[in-house]
Amino acid sequence: MIDKYIEMSMTMDNNSHGSNKKCFYFDDYVLLCGNSVDRDNHAISKINVMKELKEKGVNVVRLLEYKRVGNRDYELQERAPGSELYDYHAYNSIAGQKQYLSRLKEISMQDDSFYDKFISDWDNILTTGLDVDPSKCNNFFFSNNQIYFIDLNRMGASYEQRNEYKYMEMAVVLRGGGLPWMCEKVTDEALSIIPIIYQKIGLSIIRMNGDIDTYIMQVDPNDRYGLRDFFVNKKVR
Ligand SMILES: Nc1ncnc2c1ncn2[C@@H]1O[C@H](COP(=O)(O)OP(=O)(O)OP(=O)(O)O)[C@@H](O)[C@H]1O
Ligand SMILES: [Mg+2]
């Protein structure tokens, strides 16, 4: 099946792109083209892992087929529903700021189940040996009040390391990204919404972990650039 899509992509412009891969949209599928770190063996196990995750109800898109042509790697994946959580490419336009703010509000108004599912899906992904890449918010899609995870790759660091920082990363993703991103677009209005998101994800973390290992957040809402907002791994008794 992948050959047909590779051929169609030859006469198309890509619909989206990341730092490495070009992405071509078809109705229910996407074709990604780039130099992937996923060589054949890994891609084959990834096909199985993604299938298992999906069957478990985790919001991932399946990798369906993989093919290397010359020095190019192609991946046929299910197309993620909805749109990128935050539009990475439009960050410094006025329209981009408006879009950012409206999505931020939407996230801040989600109920407990949204936050709980986001955390448990992320956890489930890490336990398979695949990793979430929190460095860009376009690795997350938003549809029907849920987050979908794309761009999952084999874990580069140890599970312990990745596990240690996950809550901070989740909070950063939901607020719209890391520091450079924040400097550009964080308005006073956004600053008033971000603590609500921190609060909700913090409560969700506590809900999910019980009182044995409880995580609390320390957030300074007046810290404009988010330099001091962080999640700490602390027991509260
Ligand atoms: N399954 C998918 N469904 C819908 N859109 C997708 C899908 N996979 C990729 N895309 C689009 O293509 C973009 C690039 O894909 P991806 O993140 O996998 O590539 P990348 O180059 O590794 O990205 P990065 O910049 O994170 O390194 C995504 O941000 C998204 O907009
Ligand atoms: Mg990506």
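Annotation note: Cβ proximity below 7 Å between a residue of segment 13-28 that is over 17 Å from ASP133 (Cα atoms) and a residue that is assigned to a loop (DSSP other than H, G, I, E, B) and more than 15 Å from ligand 2 (Cβ to nearest atom) (sequence gap 6+ or interchain) occurs for PHE24/MET12.
Looking only at residues in segment 161-177 that are more than 12 Å from ASP123 (Cα to Cα) and either within 14 Å of ligand 2 (Cβ to nearest atom) or exposed (fewer than 15 other Cβ atoms within 10 Å of the Cβ) (or both), the one that is nearest to the chain's Cα centre (by Cα) is VAL173. The residue that is farthest from SER204 (Cα to Cα), counting only those in segment 147-181 that are outside any helix (DSSP H, G or I), modelled with pLDDT under 85 and touching a helix residue (DSSP H, G or I) at 6+ places or on another chain (Cβ under 8 Å), is GLY178. Does at least one position in segment 89-112 carry a residue that is without any contact (Cβ under 8 Å) to a residue 12 or more places away in the chain and of a type in the set (Val, Ile, Thr)? Checked segment 89-112: at least one residue is without any contact (Cβ under 8 Å) to a residue 12 or more places away in the chain and of a type in the set (Val, Ile, Thr). Of the residues making up segment 131-170, those that are within 14 Å of ASP87 (Cα to Cα) and touching a strand residue (DSSP E or B) at 6+ places or on another chain (Cβ under 6 Å) are ASN138, PHE140, PHE141. Total residues in segment 17-37 satisfying the condition of being closer than 15 Å to GLU78 by Cα, in contact with a Lys or Arg (Cβ under 8 Å, 6 or more places away or on another chain) and within 10 Å of ligand 2 (Cβ to nearest atom): the figure is 1. Consider segment 61-88. How many of its residues are within 16 Å of ligand 2 (Cβ to nearest atom) and out of contact with any strand residue (DSSP E or B) (no Cβ under 9 Å at 6 or more places or on another chain)? Matching residues across segment 61-88 total 2.
The values are calculated or read from the model by the stated rules, or taken from the named source; none is laboratory data. In this text the structure is predicted, and so the values were computed from the model without any measurement. FYI the Cβ positions are ideal-geometry reconstructions off the backbone, even for glycines, and counts take in every protein chain you see.
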